[in-house]
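Input: one structure, supplied below.
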Amino acid sequence: MGADLPDYYFRIRENGAAVFRVDTENRQRRIEMDQIAVINVRNGEIKPQGDRELTPRDIEVMGNWLTERIELLARRDIDDIHRAIDYLNLTTQWVQSKATDDQLEDVTDALLLAMHDLRTVLVRKKSERLAPIKDAAS
């Protein structure tokens, strides 16, 4: 069993992870997990737990995990947006074909405000992206 386990375990938290060193090389052959650090994904900070000193290997493994985690979260974010587009299309179909007057009364104002807010931000961001192109062409 010990050969199959990684040397480190990352307990995912809201904004990062608690990092544990996994040890199975003890007399009882039990799995022991010793927390060695906390990683903050938002600012990239790796903080040793207590007075612990991290080895270069610890720092390398945690740095690799941090890089992979940031990439994974970015992929999930864009995947969520693609799902939102699908939900908007499904909502349109629902409004057109299935929604009752009472259901529409319940959701119309909230949907219109959310869509207006989204459209406003998208148009502003698009304009900001196009502005450097216009400036370069002048």
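FYI, it's all coordinate maths here, none of it is from the lab. In this text the structure is predicted, and so the values were computed from the model without any measurement. Positions of Cβ are backbone-derived with ideal geometry, glycine not excepted, and every protein chain shown enters the neighbour counts.
Give me the angle, in degrees from 0 to 90, between the Cα long axis of helix 101-137 and the longest principal axis of the Cα atoms of the chain, rounded to the nearest 10.
Computed tilt is about 80 degrees.
In debye, nearest 20: dipole of the stretch 26-128 around its Cα centre with unit charges on the Cβ of K, R (+) and D, E (-)? Spell out each step's value before the answer.
Numbers: 16 positive and 20 negative charges, 103 e Å.
About 500 debye.
Let me know the volume per residue of the alpha-carbon convex hull for the stretch 58-119, in Å³. Each step should come with its number before you reach the end.
Details: hull volume 6.9 nm³, N = 62.
Hull volume over Cα atoms, normalised by residue count, gives 112 Å³.
I've got another one for you. Compute the angle between helix 56-97 and the longest alpha-carbon principal axis of the chain, please, reported from 0 to 90 degrees and rounded to the nearest 10.
20 degrees
How about the stretch 66-110: which trypsin sites (Lys or Arg not before Pro) there are in a DSSP loop, with at most 12 other Cβ atoms within 10 Å of their Cβ? All intermediate terms of the calculation are to be shown ahead of the outcome.
Details: sites: Arg69, Arg75, Arg76, Arg83, Lys98; in loops: Lys98.
Answer by residue number: Lys98.
Are there GluC sites (Glu not before Pro) in the stretch 1-90 that DSSP puts in a loop and that have at most 13 other Cβ atoms within 10 Å, and which ones?
On the way: sites: Glu14, Glu25, Glu32, Glu45, Glu53, Glu60, Glu68, Glu71; in loops: Glu14, Glu25, Glu53.
Listed in order of number, the matching sites are Glu14, Glu25, Glu53.
Using r as the Cβ-Cβ distance of Asp106 and Lys47, and R0 as 35 Å, what FRET efficiency do you calculate, to the nearest 0.05?
With R0 = 35 Å, the Cβ-Cβ based efficiency is 0.15.
Over the stretch 2-98, how many percent of alpha carbon pairs lie in each 5 Å bin up to the one with the longest distance?
3, 11, 17, 16, 13, 9, 7, 6, 6, 5, 4, 2, 1, 0
So for the pair Ala114, Tyr87, with labels modelled 7 Å out along Cα→Cβ, what separation do we get in nm?
Placing both labels 7 Å along Cα→Cβ, they lie 0.6 nm apart.
Oh, and also: Would you mind working out the magnitude of the charge dipole of the stretch 89-135 relative to its Cα centre, with +1 at each Lys and Arg C-beta and -1 at each Asp and Glu C-beta, to the nearest 20 Debye? Write out the running numbers ahead of the final one.
Details: 7 positive and 8 negative charges, 115 e Å.
Dipole size: approximately 560 debye.
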